[in-house]
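**Student:** Before anything else, here's the structure in question.
The values are calculated or read from the model by the stated rules, or taken from the named source; none is laboratory data. Values in this document were obtained by computation on a predicted structure and should not be read as measured data. All Cβ positions, glycine included, derive from the backbone under ideal geometry; neighbour counts span all protein chains shown.
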Amino acid sequence: MLHSGNGFVRTMILSDKCEKWIQNSIQLPIPALLVDQNILQQLQLNICNKMRLNRKIKIAVDAENFGSSKFDFENFELLRFYNHTDKDYLVFEVSSENKIIIPKNFSYKINNNLKVPTQISLFLDLWNRGNFVNCRNMTMRRDSTKKGIYTMLRNVLLPPRKPIPVLESVRTLAQLRDEMLKFGIFPFLNGGTFLGWYRECSVIPHTTDMDIAVFAENWNLQFSEFMWTHNSSFRVKRQLGLVNDSYELTLVPKNGFETPVDVFLMYKEIENGKENRWVGGLTTTGIKYKYMYPEYDPWCAADLMGHLFWVSCTPEDKIQKEYGNTWYLDENSSKYIWNAAQNAVENGRFSREQMKTETYNEYKINDFS
């Protein structure tokens, strides 16, 4: 993916030859979106003088306009899409059983009634990650807030945070998703947020933060720098670990309820010829933990209260790995012990000097002034 000097995904400018090719080759009586991956890749390379069409051009047409024209679409493969006002994504019908969803706010240019994406590599990534997967929408019996002695003592020493407002927090997470996409970063739901989406199609009502993860190889350091500017809608509240080891950022919005969003880097390792993934956890004394996952496949797309988020294509497999066979039972967040998860193992420790200087940092609002 191409980036500009400030780290943002670069916007493409079509060459004159490509502009002319579109005008001559794709003439439509109704608005449509170009979703043909082969043509988009050639447009991205600006090699339109060598464009060869040996099959139908794939375009998508709004369902409201579908069938409204008597135009002969013989040279086109048509997809129908839906633009629901209460969703922040478009829904494309690929077949009767499969659909693709992508965010509405991708950049494009209109040429002869044809919308042509202008950040093509990003658009293709959105498309390839867009296979829709549904949540379970289970009816939950909420866990009692009654606590054992250990939990009560822990809550005296470390008072639990207040539950987050659900709708506002989901909107906050979608806003962060959009800021990350500007840098070519694709976050996916993780931890309790992932569990809440899959199990309940919502946010667990007693949760106190949101969790997302990013593949370490997809991380863009310029995004971290952007978080420290006045241009971001978020500020860094906490940073744990190092970029190459157990890295975690806690971000909070600058306006509205300060919903903490924990952003974990997910690392890859090969063990006995098999790929594993893990995210880190860190105690205040420097002990590191790994949350271990089998080979990860985050690239499906899901709806969380009208907003698009990326998730594993095999959600129950990943959730069972972390939360065990009783993942479908509610456990009050005030009782949750993060380093006692089913898939958590110790992973060494950072030195006292590292903890003082680089691997455990908390920030106040004044640090941003």
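**Student:** Identify, from the list Asn272, Asn276, Asn325, the residue that is more than 15 Å from Gly196 (Cβ to Cβ), modelled with pLDDT under 95 and touching a strand residue (DSSP E or B) at 6+ places or on another chain (Cβ under 8 Å).
**Tutor:** Details: Asn272 fails: touching a strand residue (DSSP E or B) at 6+ places or on another chain (Cβ under 8 Å); Asn325 fails: touching a strand residue (DSSP E or B) at 6+ places or on another chain (Cβ under 8 Å).
Result of the check over Asn272, Asn276, Asn325: Asn276.
**Student:** Does Phe71 satisfy the condition of being over 19 Å from Trp21 (Cβ atoms), without any contact (Cβ under 8 Å) to a residue 60 or more places away in the chain, of a type in the set (A, V, I, L, M, F, W, C) and assigned by TED's automatic domain parsing to the domain that holds Val91? I'd like the intermediate steps shown before the answer.
**Tutor:** Numbers: over 19 Å from Trp21 (Cβ atoms): yes; without any contact (Cβ under 8 Å) to a residue 60 or more places away in the chain: yes; of a type in the set (A, V, I, L, M, F, W, C): yes; assigned by TED's automatic domain parsing to the domain that holds Val91: yes.
Criteria met by Phe71.
**Student:** If you take the residues of the range 17-50 that are without any contact (Cβ under 8 Å) to a residue 60 or more places away in the chain and in a loop (DSSP other than H, G, I, E, B), which of them is farthest from the chain's Cα centre (by Cα)? Break it down stepwise before answering.
**Tutor:** From the range 17-50, those without any contact (Cβ under 8 Å) to a residue 60 or more places away in the chain are 17-18, 20-21, 24-25, 36, 38-39, 42, 45-50; that's our starting set.
Checking which are in a loop (DSSP other than H, G, I, E, B) leaves us with 36, 45-47.
Values: Asp36: 24, Leu45: 27, Asn46: 30, Ile47: 32 Å.
So, considering only residues that are without any contact (Cβ under 8 Å) to a residue 60 or more places away in the chain and in a loop (DSSP other than H, G, I, E, B), the one farthest from the chain's Cα centre (by Cα) is Ile47.
**Student:** Mind checking whether some residue in the range 66-88 is among the acidic types (Asp, Glu), closer than 23 Å to Ala301 by Cα and in a loop (DSSP other than H, G, I, E, B)?
**Tutor:** Quick first cut of the range 66-88, residues among the acidic types (Asp, Glu) only: 72, 74, 77, 86, 88.
Right, trim to closer than 23 Å to Ala301 by Cα and you get 86, 88.
With in a loop (DSSP other than H, G, I, E, B) added as a condition, the list becomes 86, 88.
Yes; the residues of the range 66-88 include at least one that is among the acidic types (Asp, Glu), closer than 23 Å to Ala301 by Cα and in a loop (DSSP other than H, G, I, E, B).
**Student:** Moving on to the next point. Working carefully through the options Ile110, Ile100, find the one that is of a type in the set (Val, Ile, Thr) and modelled with pLDDT of 95 or more.
**Tutor:** Working: Ile110 fails: modelled with pLDDT of 95 or more.
On inspection, the qualifying residue turns out to be Ile100.
**Student:** In the range 104-118, which residues are farther than 10 Å from Leu40 by Cα and either aromatic (Phe, Trp, Tyr) or part of a loop (DSSP other than H, G, I, E, B) (or both)? First the steps, then the outcome.
**Tutor:** In the first step, residues of the range 104-118 are kept if they are farther than 10 Å from Leu40 by Cα; the result is 104-115.
Listed by number, the residues that qualify are Lys104, Asn105, Phe106, Ser107, Tyr108, Asn112, Asn113.
**Student:** Within the range 235-276, track down each residue that is hydrophobic (A, V, I, L, M, F, W, C), touching a residue at least 40 places away in the same chain (Cβ under 8 Å) and within 25 Å of Tyr296 (Cβ to Cβ).
**Tutor:** In the first step, residues of the range 235-276 are kept if they are hydrophobic (A, V, I, L, M, F, W, C); the result is 236, 240, 242-243, 249, 251-252, 257, 261, 263-266, 270.
Restricting the remaining residues to those that are touching a residue at least 40 places away in the same chain (Cβ under 8 Å) gives 236, 240, 242, 251, 257, 261, 263-266.
Within the range 235-276, Leu240, Leu242, Leu251, Val261, Val263, Phe264, Leu265, Met266 meet the criteria.
**Student:** Can you tell me which residues in the range 350-359 are surrounded by 15 or more Cβ atoms within 10 Å (Cβ to Cβ) and either charged (D, E, K, R) or touching a strand residue (DSSP E or B) at 6+ places or on another chain (Cβ under 6 Å) (or both)?
**Tutor:** Result: Thr359, single match.
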